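Here the structure comes first, spelled out in structure tokens, and everything after it is commentary.
All of the numbers you see were taken from the coordinates with simple rules; none came from a lab. Model, not experiment: these values are computed from the prediction. Here Cβ is always computed from backbone atoms with ideal geometry, including for glycine, and neighbour counts include all displayed protein chains.
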Amino acid sequence: MTTPSSACRQKYLGEKGLIALITFLSAFVPLSTDLYLPALPGMARYFNVSADLANLTLILFFVFFSAGMLLWGPLSDKYGRRPVLLIGLSIYFVASLACASSWDIYQLIAFRILQAIGGSGAFAVATAMIKDVYDSKRREPILAMVQSMVLISPAAAPVLGAFLLKIMSWRGVFLALALIGLLALAGGIAFQETIEKRNTGSILQALGRLSTVAKNPGFSSLLALFSLPSVSSMAFIASSSYIYINGFGLSAQVYSYYFAINAIGLIYGPMLYMKASRKYHRRSIIVACFAAVSASGLLISCFGGFQPWILAMVLLPATISSSCVRTPGTNLMLEQQREDTGSAAALMSCFGIFMGSIGMTIISLNWSNTILVLGMMNILIGLVCVALWLRISQKPYVMQVPERYVASASR
């Protein structure tokens, strides 16, 4: 394995500890949101406010989390991953304690914003740390492992949150998040710097590197392509409860089982890519995945409205395929930047969330047949991605990125 010399100096964490830390940091979004979802109704009753106002603690978290990454990513290129990590985690820890002690909803919203800003610092440097440490061939299996482990969080976090509410109030959920922040902070203290070359300009110049990265045609074209599946993926997440509970008349508990099927598909996607990459060329795998998204969309449109189990089954290929392309997509994007890795990682995360919000907005419109719209979205996204990928994959900046298994890849 070819790694920078700094990676060999993880005296306290070692390689396994470093991967565990990166995974932990990458899971900050689902842990910070899904863990406390079961507490939202109780918080609204406690503060005697509407559900819409209570939901601002969730919505504004995403907004400021995305904005925070655009700040922390460039700063980590200038000052290093470790300082940004320690500052961000310290803010997150203090803000989580403050959330637990809030006495009105507006104070809770303010502290959730602060929590988002701190958590985004940890998240912003996680992907950049992988690029710092691992070369292109070794990077893909690490990305696949991290992404698979992170995707367990959306399935497990609400269950854990519901369990916590049985033994403590909603304040206890935020105390649990403070403990998570404290554990991550301990890992951050043990972590040793991985960046080799830092930006030497001013803070404004460092932030301006976001524009420099965005203007890189190789990076920006891949960013647009691999962010598109978030449109249909997040559209399903936003509409799933309405489809299964209101549309099919299922209970909330039974709905959670169907949603878990989707979560399992997300987890399996990166592992499927690593298995397929032993036999097939990256270009062929990605074409097949995008084609599967379209085929799944066609099945959703035709048969998804008949029974809930049918919808779950015909949706699964799109879920797995969208998750499958994340690993090669992330690696290809990272490979476009020899420097400014923090800025690149920040743009990748922020743009993915932005595209997902577009999908959530579209599916939330007053459609007469939400399942049909969901199917059509998958068909369109899959076809557009196939067309874009067939064009982009012939470019030198893609062709020059080595395959993980060069000898066995079919050409």
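Along the charge dipole of the chain, pointing to its positive end and built from +1/-1 on Cβ of Lys, Arg, Asp and Glu, which listed residue (233, 332, 266) has its Cα farthest out?
332
Answer rounded, prolate or oblate for the range 5-198, using the Cα gyration tensor with square roots of eigenvalues a ≥ b ≥ c: rounded when a/c is under 1.5, else prolate when a/b is larger than b/c, else oblate.
prolate
Would you mind estimating how fast the chain diffuses translationally, via Stokes-Einstein at 25 °C and 0.890 mPa s with the Kirkwood radius over Cα pairs, in µm²/s?
112
Could you estimate the translational diffusion coefficient of the range 219-321 from the Stokes-Einstein equation, with Rh from the Kirkwood formula over C-alpha pairs, at 4 °C and 1.567 mPa s, in whole µm²/s?
For the chosen part, D equals 88 µm²/s.
Of 212, 386, 14, which is farthest along the charge dipole of the chain in the positive direction, counting Lys and Arg as +1 and Asp and Glu as -1 at C-beta?
Value: 14.
Say each of residue 313 and residue 60 gets a label point 7 Å from the Cα, pointing the same way as Cα to Cβ; how far apart are those two points in nm?
Here the modelled spin labels are 4.6 nm apart.
Grab the other residues whose beta carbon is less than 15 angstrom from that of residue 201, score K and R as +1, D and E as -1, and report the net.
+1
Between residue 275 and residue 104, how many nm apart are label points set 7 Å from Cα along the C-beta direction?
5.6
Beta carbons within 10 angstrom, averaged per residue: use that to sort the peptides 69-77, 394-402, 372-380, 240-248, highest first.
69-77, 372-380, 240-248, 394-402
Once you place label points 7 Å from the Cα toward the Cβ at residue 306 and residue 46, how far apart are they in nm?
That separation, rounded to one decimal, is 4.6 nm.
Can you work out the PRE-style zone for residue 20? Point 7 Å along Cα to Cβ, and I want the residues of the range 160-179 with backbone N under 19 Å.
So the set is 179.
Using per-residue counts of other Cβ atoms within 10 Å, averaged over each peptide, order 17-27, 274-284 from highest down.
In descending order of packing, they fall as 17-27, 274-284.
Could you pull out every whole DSSP H run in the chain that spans at least 30 Å of Cα extent along its own axis and averages -1.0 or higher on the Kyte-Doolittle scale?
51-79, 105-133, 170-190, 252-276, 282-303, 341-363, 370-392
Which of 103, 170, 389 comes first, and how do the rest follow, when ranked by fewest Cβ neighbours within 10 Å?
103, 389, 170
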